[in-house]
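*Asks:* For reference, the structure I am asking about is given below.
The values are calculated or read from the model by the stated rules, or taken from the named source; none is laboratory data. Quick caveat: nothing in here was measured; it's all calculated off a predicted structure. Quick reminder, even Gly has a Cβ in these numbers, built from the backbone with ideal geometry, and neighbours come from all protein chains shown. To get the accessible areas, we keep the full protein, side chains included, count just its heavy atoms, and leave off ligands, DNA and RNA. Shrake-Rupley method; radii C 1.70, N 1.55, O 1.52, S 1.80 Å.
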Amino acid sequence: MSESLVLVSQAGAVQTLTLNRPNALNSFTTELHAQLLAALDAAAADSSVRCVVLTGAGRGFCAGQDLADPVVAPDTTPGAPSKDLGDVVERFYRPLCLRLRSMPVPVIAAVNGVAAGAGASIALGCDLVLAARSASFIQAFARIGLLPDSGGTWLLPRLVGRANALGLALLGDKLSAEEAQRMGLIWRCVEDEALASEAQALAQRLASMPTKALVTTRAAMDAALDMDWPTALAQEAELQRRLGHANDYREGVLAFTQKRAPQFSDR
Ligand code: T3D
């Protein structure tokens, strides 16, 4: 039997998904897409999971699309039709990006090595990005005549502003994890040997927090980016109304007044 392309492990309420094609820097094939989407769906449906960590096996996080995959590799036979990359993006990357952003629990990217092309976009689309000091981010798209996909055109200018976004996307240079943190592209850069433990500690902390409030915050911030001030305030009122009716709010306030640690359970 062939080895799984996504390794799944769980410690407490934290599930870790490890992309597992290390010889090709965990680049995406159709099979890896299918397994990752299935793993995310399973984590979303599993009430014992309260935080997901996404990382890569070997020395890379993810090098984006596997350029040797027949679905994208140009056919060099004279007169052969070109590949429909739009179809590939629609069928594989769009569902993955939508799934990540709609997870009912926080998702941490633990970027252990190079994150290139769609691999960078997928990492940056997670809720918190921790990267090892030796890791790097490469907007590799322009190098092969493409534009940033998997949310890259949406994420980059919002994360680092138009000037930095265009600098990264047009030049396609390697950005170190340290520079990425300085630029505000990622949450934190940590020492290589500390990445896994720091990611787990952060994930365990998030897992103990009020999950519904965390994912509502993510959704509200994403939506607010396209709203005017009055609309964003109205959105906050509506979402706060909903959270105020949830168990976690009651538990949070009760725990505060009783001077004890809260036990959050909503998801
Ligand atoms: O096409 C569509 O469907 C549209 C969607 C596009 C989304 C995208 O992601 S487009 C961008 C695709 N990705 C890239 O262009 C990145 C290509 N890779 C690289 O530029 C370099 O590998 C890196 C800069 C990421 C790392 O360089 P380095 O020197 O550390 O490693 P390496 O030697 O280049 O790679 C190691 C192995 O992984 C190597 O295989 P080998 O020679 O040991 O058998 C290499 O071929 C393989 N590999 C790396 N990236 C890919 C890959 N194989 C297939 N596809 C890859 N993307």
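*Asks:* Among residues belonging to segment 92-138 that are polar (S, T, N, Q) and under 23 Å from Glu31 (Cα atoms), point out the one that is most open to solvent (accessible area, probe 1.4 Å).
*Replies:* The extreme case among them is Ser102.
*Asks:* Please list, ordered by first then second residue, the pairs with beta carbon atoms under 7 Å, 6 or more apart or interchain, first in segment 200-215 and assigned to a helix (DSSP H, G or I), second open to solvent by 60 Å² or more (accessible area, probe 1.4 Å).
*Replies:* Within 7 Å, the pairs are Gln204/Gly12; Ala207/Gly12; Thr211/Arg267; Lys212/Arg267.
*Asks:* Can you tell me how many residues in segment 15-58 are more than 16 Å from the ligand (Cβ to nearest atom) and over 15 Å from the mean Cα position of the chain (by Cα)?
*Replies:* 9
*Asks:* Would you pick out the residues in segment 139-193 that are loosely packed, with under 15 Cβ neighbours inside 10 Å, more than 27 Å from Lys83 (Cβ to Cβ) and of a type in the set (Gly, Ala, Ser)?
*Replies:* Passing the criteria: Gly161, Ala163, Gly184.
*Asks:* Quick one: what pairs do we get from segment 237-252, first residue free of Cβ contacts under 8 Å to residues at least 24 places away in the same chain and crowded, with 16+ Cβ neighbours inside 10 Å, second β-branched (Val, Ile, Thr) and in a helix (DSSP H, G or I), C-beta under 9 Å, 6+ apart or different chains?
*Replies:* So the pair list comes out as Leu239/Thr216; Leu239/Thr217.
*Asks:* Something else about it: Go through segment 45-62 and give me each residue that's closer than 21 Å to Asp248 by Cα, of a type outside the set (Val, Ile, Thr) and open to solvent by less than 20 Å² (accessible area, probe 1.4 Å).
*Replies:* Selection gives Cys51 alone.
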